[in-house]
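The structure under discussion appears below in the form of structure tokens.
Values in this text are rule-based calculations from the coordinates and carry no lab data. Everything numeric here is computed off the predicted structure, so don't read it as measured data. Please note: Cβ atoms are built from the backbone with ideal geometry, for glycine as well, and neighbour counts cover all protein chains shown.
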Amino acid sequence: MKKLSEGELDFLRELSNIGVGHAATALSQLIGRQVGMRVPKVTIVDLSSVPELMGGSEKIVSGVYLQVLGDARGGILLIFPDESSKALLKLLLKGEEDPLSEMGMSTLKEVGNILASAYLSVLGNMLDITLIPSIPSLAHDMVGAVVDLVLINLGEVGDTAFVFETEFYDIAEDIKGHFFLLPDPDSIDVIMKAIKRKNG
């Protein structure tokens, strides 16, 4: 996997920061409450270590996964701990909070779609490249199983990936989520070339 300089990583971090800022604004408008976010981390990780970030592989979560299509490819994974997905649904559906109901699943997928679209739209505009989210899929399971599903989708890329990870949360702190962008290795080159063009 290509080694990036600290300056390049900083630039990617800043790009991701702006992208997730727009996604957080979209979530805030959706739920009618202020949403904050932590500064994004840009790291190369073994994806099998992601469950530990979420508090252990047996923690129940709702995971929304979308493929990134267009000039750069990869995946976006949104993970909501079970209590957060229920709190989110309660706000959006005025009482309905079962993430496994048809309405609950549809709503969580739509939240994922809105956040991914907001994020990719900003990145695409800033880099002059086309980034399109696929139709989202949802898994409500132990976080280890959710990550395994993503690994199957990213199988041709390998288990190690660039991970742009951001945590976001609402003011009441009862909705938290993790946002991961997982570009494939070739797409890192596409993104870096686009950055050089923009800065050229």
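The string of couplings for region 26-31 from the Karplus curve (6.51, -1.76, 1.60, θ = phi - 60°) is 4, 5, 4, 5, 5, 9 Hz, one whole number per residue in order, with x for Gly and Pro. Of the labelled options (i) 37, 20, 14; (ii) 27, 24, 18; (iii) 27, 19, 15, which one gives semi-axes √(5λ) of the Cα gyration tensor in Å as computed for this structure? Of the listed options (i) 37, 20, 14; (ii) 27, 24, 18; (iii) 27, 19, 15, (iii) comes from this structure.
Where in region 85-126 does the label zone of residue 174 land, with the point 7 angstrom along Cα→C-beta and an amide N cut-off under 13 Å? Answer for this model: 85-97. Tell me the net charge near residue 98. Cut-off is 12 Å between Cβ atoms, residue 98 excluded, with +1 for each Lys or Arg and -1 for each Asp or Glu. The answer is -2.
Evaluating 6.51 cos²θ - 1.76 cosθ + 1.60 at θ = phi - 60° for every residue in region 129-140, the Karplus couplings come out as 10, 9, 10, 10, x, 6, 5, x, 10, 10, 10, 10 Hz, glycine and proline recorded as x. Other residues within the sphere of radius under 15 Å centred on the Cβ of residue 166, judged by their own Cβ, net out at 0 (K and R +1, D and E -1). Estimated from the Cβ-Cβ distance and a Förster radius of 22 angstrom, the FRET efficiency linking residue 33 and residue 98 is about 0.55. A DSSP coil position with no more than 16 other Cβ atoms inside 10 Å describes the following GluC sites (Glu not before Pro) in region 49-83: 58.
Note on the chain: Lys pairs 8 or more places apart or on different chains, Cα atoms under 28 Å apart, count 28.
Counting Lys +1, Arg +1, Asp -1, Glu -1, what net charge surrounds residue 140 among other residues with beta carbon under 10 Å of its beta carbon? Summing Lys and Arg as +1 and Asp and Glu as -1 gives -3.
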